[in-house]
1. Taking the options S52, S62, S46, name whichever one is in contact with a strand residue (DSSP E or B) (Cβ under 9 Å, 6 or more places away or on another chain), part of a helix (DSSP H, G or I) and farther than 30 Å from T277 by Cβ.
2. In the stretch 89-121, which residue that is without any contact (Cβ under 8 Å) to a residue 40 or more places away in the chain and small (G, A, S) is nearest to Y147 (Cα to Cα)?
3. Quick one: would you say V129 is under 18 Å from N262 (Cβ atoms), in a helix (DSSP H, G or I) and touching a strand residue (DSSP E or B) at 6+ places or on another chain (Cβ under 6 Å)?
4. Looking at this structure, is K164 at pLDDT 85 or above and within 30 Å of V126 (Cα to Cα)?
5. Kindly indicate whether L243 is of a type outside the set (V, I, T), surrounded by 14 or more Cβ atoms within 10 Å (Cβ to Cβ) and under 17 Å from F194 (Cα atoms).
6. Is it the case that some residue within the stretch 251-259 is free of Cβ contacts under 8 Å to residues at least 24 places away in the same chain and either more than 30 Å from L96 (Cβ to Cβ) or in a helix (DSSP H, G or I) (or both)?
7. Out of the strands (runs of 3 or more DSSP E) lying entirely within the stretch 162-219, which hold 2 or more residues that are under 30 Å from V108 (Cβ atoms)?
Amino acid sequence: MFKSIQKKLMFLVLSIVVISLSLLSFLIYQTASRAVRDRVEKETLSVSAQVSRRILRPIEASIHIIQGLSKTIPAVINIDDALVEQHEVLTEFGHLFVTDAEGILTNVSPHDQKLKGLNLSKTDYVSYVKKVRKVFVSEPQTGFFGYPAIVIAVPIFIGVGTEKLEFFGIVGGTLKLETLFSPAMNLQLGRSGFAVVLDQNGLLLSHPDPGLVLQKKITEVEADNPSLEMLWTTIREKKEGVLEYRYHGQTHIAGYAQVGMNNWSVLTTLPLKEVLTDVEKLKAKALGLTGGFLGFAILCTFFVARSISKPLVAMTREVQAFVGSTIQNISTRNRDEVSILAASMKALINYLREMASVANQISQGDPSPQIEPKSQGDVLGHAFTQMTQYFREMAEIANKLAHGDLSQDVQPKSERDVLGFALQNMVTEWRLLVAQIQNNADQITKTSAEVLTRSEQDLQTAENITSSVEETSSAMTEMKASSEEVSEITKTLFSATEEISTITDQMFSSIRQIAGNAKELSELAETTAGAMSQMVASVERIANDAENSKRFYQETTENAVQGQTSVQQVVTSMDKIRRAVSSAAQTIQSLEDKSQEIGSILDVIDGIADQTALLALNASILAAQAGEHGRGFAVVADEIKELASRVALSTKEIGRIIQNVQQQSADAAQGIREGNVEVDEGVRLAHQAGQSLNRITVSAQSSLSAAQSIVSAIQEQKESTQKITKSVRRVTERISEINQATQEQERGSSRVLQAIEEVRNLTNQVKHATSEQAKGAGQVDMAMEGVRGLIMQNRQNAHQSTQDAERLALQAETLRTLVGRFALNGH
């Protein structure tokens, strides 16, 4: 198998070394793998326990904070303000809220008026606290707060001592899952390790993929994976531990631990392939170390074997150098240094016989034998080779000259070499002639190449100019499109301005109608005041009649009839007053409704002003992009923006006036309601007086006592009518204030109409400016078309020059081909 003593020794030693190092590497790999797996299992279990404690800690702290709030809330006057102040400090809570004893949401922070009055009695946290009266931590859910979170609810009690406590309601806070489970989501475990949180049913509460949170259980993450079923079964049976499972085609090492409060579980997982990465690196290092040892063993074995075989090799080379050939006819089974030496001695005799035969042929004048020296030391072989080589070279040179090959250098062997000198002179003269022709062809080729280069440069320049023109044309197209977009925006602004004008006209008409109603209300109030004056005079006359009835018994019946008539008049007047007051109340209510409508219209105007400011900002940006062409458009945009600001200020001023009108309307309505009550009381008293007069007519005997009753009743009626008179006066004053407010509204509406007219004028200016800009862009586009045509003509000329240069180069190449038939030395 091996053909030298050196190789046999090296094979024996290397076999022993390789087997030993392989066994050592295998033992190191197995030991390191087990150690790394044990370390990773302990690490994943420790990380899971740490994450569970970090999740539980904020929950416990939040419970303590909510319990503190439950003790302070009963003593707080304004719970909304208190919750807002606490929420600014307790930023870990998404919401803080308070419910009453029935579970109705009464206070919430951040403040949201829509949430107040929300019935939470059917939620798990409210129903549990109402029933058990203890702290409750809910499962993750998305409730009225609108994001995944857990709810901490604590009962609120009021009273002193333990036996007199009364259930007041519930205070609670929400902890967002992304904040609560951030220790798990932000966990960095190796390159691809991660942590998840599971509830008591295996639902994912935290996962690197947000789409799985609160949507799937751990057993549903990967379909048809029994390994996940086994994983969940183990987690339910034990509170903490370490196991292996398959996920996405890879084996994972997982450590798990329970959070404790809600029987949640934290699962920390790491791919086994990543765990064994360090072991693989250790394996590579071991293999490298093995290779190093192997190389060292090879080196040592080589030197030892060489010291044995070197003397034999030296003897063999000496014989081969003399023979002039390597030994081939040696048995392949035993081809070491000794065998080679014996074969070399036999080859020496054969070599001498061969050289004698060649010498005999040369002596007969035949230079054809091919003699190859066996080695550098074969002096005889070299001499025969040089002799035959000279004759063959002379014949070959003559043959090549006949075929036009001038590349051969003729070197005379000596001064007496006549044939060599003759061939040398002939080759030199032919080379000079062919070189001159070739130089002329090269000059033509160079000139044509320069022409071709300049043509290509001209063509490239034309291409660059074409590209620049295309870019300019594209930019102008974009600017034209921008102008059209600005034009469309301006049309939209103009439409919005027209709509604002229409709405403002409607508002102005409503204000005028309110002013007319206020004037009618003022007239009704004056009429009511006159009726009240008549009623007071009637009451005074009734009082005088009652006094006379006491002095004149005989006139009792007649005065009673007159008193009954007066009372009927009072009742009629009272009815008129009540109707007038009711009409005034309806008018004031209508005024209040109109004020609300005006407020809504002002909101629309305010929104349009904001939109106008935004459109002005967009117009400024487009003007800046347009550069020099957009300066005029930028000025118009600034004027629109300033006008929008003035419209917004006017809207706010009108809104303030509307608020004053609404407040005054509310005061007037309250005064009317009070007057209504007094009128009803006066009607009731008038009916009582009529009944008294009826009794006077029926029984003249009791007229004296009845007259006394009438005097008392009339006195009360007089006081009531005085109160009604005062109420009517207050109504009159309120109506005057309403008149003033409507006049202010009318003036404010006039200012708004003027501002809208200015907006309409500026919008027309913007439309004109954008039209001019579009025309300019079209003219530039036409100019670019003309430039593009000139460039195309230049490109055609450059192509023609390139074709001419190529034809010239082709002619030069043909000339060079003809000259190339003569092969020159070094050319």
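The values are calculated or read from the model by the stated rules, or taken from the named source; none is laboratory data. Given the structure is predicted, the values throughout are model-derived calculations rather than measurements. A quick note on method: Cβ atoms are made from the backbone with ideal geometry, for glycine too, and the neighbour counts reach across all protein chains shown.
1. S62
2. S109
3. Spelling it out, V129 is indeed under 18 Å from N262 (Cβ atoms), in a helix (DSSP H, G or I) and touching a strand residue (DSSP E or B) at 6+ places or on another chain (Cβ under 6 Å).
4. Against the criterion (at pLDDT 85 or above and within 30 Å of V126 (Cα to Cα)), K164 does not qualify.
5. Values: of a type outside the set (V, I, T): yes; surrounded by 14 or more Cβ atoms within 10 Å (Cβ to Cβ): yes; under 17 Å from F194 (Cα atoms): yes.
Yes: the conditions hold for L243.
6. Yes, the stretch 251-259 contains a residue that is free of Cβ contacts under 8 Å to residues at least 24 places away in the same chain and either more than 30 Å from L96 (Cβ to Cβ) or in a helix (DSSP H, G or I) (or both).
7. Result: 166-176, 204-206.
This table checks each residue for (1) modelled with pLDDT of 70 or more; (2) exposed (fewer than 14 other Cβ atoms within 10 Å of the Cβ); (3) outside the structural domain of M394 (by TED's automatic domain parsing).
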position	(1), (2), (3)
D417	yes, no, yes
A422	yes, yes, yes
V427	yes, no, yes
L432	yes, yes, yes
Q438	yes, no, yes
A441	no, no, yes
I444	no, no, yes
S448	no, no, yes
T453	yes, yes, yes
